[in-house]
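Worksheet for the structure shown next.
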Amino acid sequence: MSTAAPVRLVSLDVGYTLGEPSGMTLTQRLVELSPLPARQAKKVAQQILHALDPRSDATAPQTVCAALRIAPSAFPQDHCPPDFALWPGAVEAVARIARVVPVVTLSNVSHWDEQETDVAALLAPHLRAHHPSWQLGFAKPDPRAVETVARLHGRDPAEVLHVGDSLDYDVRGALAAGAHALWITSRPPSSEALRLLAEYPGRVTVVPDLTRAVEHIEQTVLPSFRPSVNPDDQEFYPVSQFDTTAPYYAAYRPGIPTEAVKLLAQRVAGKEHRALLDLGSGTGQVPLALAGAMTEIDVVEQDAGMLAEADKALAGLPLTVRLHNAPAEAFTPLASYRADLVTVCRAFHWMDQDVVLSRLEDMTAPDATVAVMGDGSLWTARSAWTDALRALIQEYLGKERRAGVGKKYAAHNRPYREILAESAFGQVEEHTIAVEREWSTETVIGYLYSTSFAARPLFGERVDDFERRARALLDEHAAAGGGLIEPASFQIVLGRRG
């Protein structure tokens, strides 16, 4: 798989990839009624029937019948949709994929056949969304099906891996959209298939079954996805009103520098017991980065959406991980609990700092380290392209920086070193790590939607207009300046008992 565009979204075909209907579908009935050759009739049904929403188009049956050369009166108005049964292991397979990368479904199905089946419920809670073709308005292999799903989730089609059993619909549709394809087939590829695969080197992988598909995703997607799933500045959200930002937060926040991870790991090196307490954890990227240096981890996060993303990121780690849906100020572990390292990354601003530091006195080991970390954001960055982007955001949302719906950002002017110095962890040292981030138009847009100052809900009905103008602005600056570069500094303030 190409490393140029890491996979950040997996779309799964449903029928004959995850399960099968228990009876005859409307598509199959219409193919039997049509005088067209079966393969041609099926293709017509896929392209027309599966892309129609009869709730908004009363002439849908007539349209299908005309295309299939069937008398309108012959349309099976009495059609009873068959039940859909997932194959054994399908839910577990989706759950495993969801621990690595967000998962959605992209299924060719008619409105008539899906009336009795709730695919999203069958695959809950692992599925990010279910996208049947009749709702999208496009059926595979129309590339607009994959393109639309990618756009709905803030992804470029090149960042999508589509998984399915059909060469004609799943593989061709994904490739036409610029996405990757994972083809599940137990049969040796035909000469036609081999020619197609040769035309798209590195874009298609062939596996014999769903289990192998999952293993491929775990082995191939995981290394490229997780390092970029890290939070960035102090844009953390004080209540669940920001849960719509969680998927963007998980996928688009810049990473924790390797030097920071090494510095923190050194603080517990050599200890037999190494317990990490991460406060305001967001989507869990600090615990994920430090997992190799710890024996147990406690994740504290008050936003349920963020915590769900953390659960996905940390699932399967070979150590004890406990998730706590609570504010940092209210976290209350067992009386015997003692953390060896406490981390607060880009979230300290939102907390009652004195309360948090005071409560940490009774839940940390005598030689524990408290690390408060953060850096700037694209709002505070100073360059030609970030200045222009900030001005565009202000045009839509006002001059003052937002901090969520109906709230203004309150600047924090007191250095964290002073706050720590006045606490029980008054032996303070500071470290600054210089970083240079290279952005793309796609990653900037995704990042903005993860923040409290430019989350999608803030723009209301004008969000599409804002995104169109932001993309044009970013593309222009990227072309003129040789890319979208952000020089930044990552600060770490360490405190220990004196």
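The values are calculated or read from the model by the stated rules, or taken from the named source; none is laboratory data. Predicted, not measured: the structure shown is a model, and the values here were computed from it. Quick reminder, even Gly has a Cβ in these numbers, built from the backbone with ideal geometry, and neighbours come from all protein chains shown. Side chains are part of the model used for accessible areas, which takes the heavy atoms of the whole protein and leaves out ligands, DNA and RNA. Shrake-Rupley method; radii C 1.70, N 1.55, O 1.52, S 1.80 Å.
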- Working from the alpha-carbon coordinates of region 113-172, get Rg over Rh, Rh being the Kirkwood radius. 0.96
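Per residue, how large is the accessible surface of region 91-130? Use a 1.4 angstrom probe and give square angstrom. Could the numbers behind the result be given before it?
Numbers: 1480 Å² over 40 residues.
About 37 Å² of surface per residue is accessible.
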- What Rg and what Dmax come out for region 277-338 when only alpha-carbon atoms are used, in angstroms? 10.8, 29
- Message: From zero outward in steps of 20 Å, how is the percent of C-alpha pairs of the chain spread across the bins?
- Response: 21, 48, 25, 5, 0
- Task: State in Å² the accessible area per residue of region 249-348; use a 1.4 Å probe, count heavy atoms of protein chains only, and round to the nearest integer.
- Result: 35 Å²
- Query: Which whole-angstrom value gives the distance between the alpha carbon centres of region 411-456 and region 265-344?
  - Reply: 19 Å
- Item | Distance between region 84-104 and region 478-498 - C-alpha centres, whole angstrom | 37 Å
- Separation of region 352-385 and region 119-159 by C-alpha centroid, Å? 38 Å
- Divide by every residue of the chain the summed helix terms, -39500 (n - 2.57) for each DSSP H run of at least 4, and state the resulting mean residue ellipticity at 222 nm, rounded to the nearest 500 deg cm²/dmol. -10000 deg cm²/dmol
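Using heavy-atom solvent-accessible surface (probe 1.4 Å) with all chains present, what is the largest-first order of HIS50, HIS477? Could the numbers behind the result be given before it?
Numbers: HIS50 10, HIS477 55 Å².
Listed by decreasing accessible area, they come as HIS477, HIS50.
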- Item | 5 Å-binned pair-distance histogram of region 253-397 (Cα, whole percent) | 2, 9, 18, 20, 19, 13, 7, 5, 4, 2, 0
- Task: Run the accessible area of the chain with a 1.4 Å probe and give the carbon-and-sulfur part as a rounded percent.
- Result: 51 percent
- Note on the structure: In region 284-354, the trypsin sites (Lys or Arg not before Pro) that sit in a DSSP loop and have at most 10 other Cβ atoms within 10 Å of their own Cβ are none
- Note on the structure: With a ≥ b ≥ c from the Cα gyration tensor eigenvalues, square-rooted, and the rule rounded for a/c under 1.5, otherwise prolate when a/b > b/c and oblate otherwise, region 388-498 is oblate
- Solvent-accessible area of ASP57 with every protein chain in place, 1.4 Å probe, in Å² to the nearest 10: 50 Å²
- Message: Once you order the gyration tensor axes a ≥ b ≥ c over the Cα atoms, which shape class does region 337-441 get: rounded for a/c under 1.5, otherwise prolate or oblate by comparing a/b with b/c?
- Response: prolate
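Do you know the relative contact order of the chain, to the nearest whole percent, from alpha carbon pairs under 8 angstrom that are 6+ apart? Could the numbers behind the result be given before it?
On the way: 962 pairs, mean separation 63.2, N = 498.
Relative contact order of the chain: 13 percent.
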- Item | Spin-label model distance (nm) - ALA330 vs THR295, 7 Å beyond Cα toward Cβ | 3.2 nm
- Task: Pull out the extension gain between LYS399 and THR59, defined as 0.36 nm times the separation in residues minus the alpha carbon to alpha carbon distance; nm, one decimal.
- Result: 117.5 nm
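Suppose we take every Cα in region 106-214 and form the convex hull; what volume per residue is that in Å³? Please report the intermediate quantities before stating the final value.
Details: hull volume 12.0 nm³, N = 109.
Expressed per residue, the convex hull around the Cα atoms of region 106-214 is 110 Å³.
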- Query: In region 1-93, how does Rg compare with the Kirkwood Rh, expressed as the Rg/Rh ratio over alpha carbon atoms?
  - Reply: 1.09
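With a probe of 1.4 Å, find how much accessible area region 410-488 has per residue, and write the answer as a whole number in Å². Mind dumping the intermediate values first?
Values: 4020 Å² over 79 residues.
Roughly 51 Å² per residue, with all protein chains present.
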- Note on the structure: Each label sits 7 Å from Cα toward the beta-carbon; between ALA479 and ALA384 the label points are separated, in nm, by 1.4 nm
- DSSP beta bridges in the chain, what fraction antiparallel, as a percent rounded to 5? 35 percent
- Query: At q = 0.15 Å⁻¹, what log₁₀ I(q)/I(0) does a Debye calculation on the Cα points of region 153-214 give, no solvent, two decimals?
  - Reply: -0.41
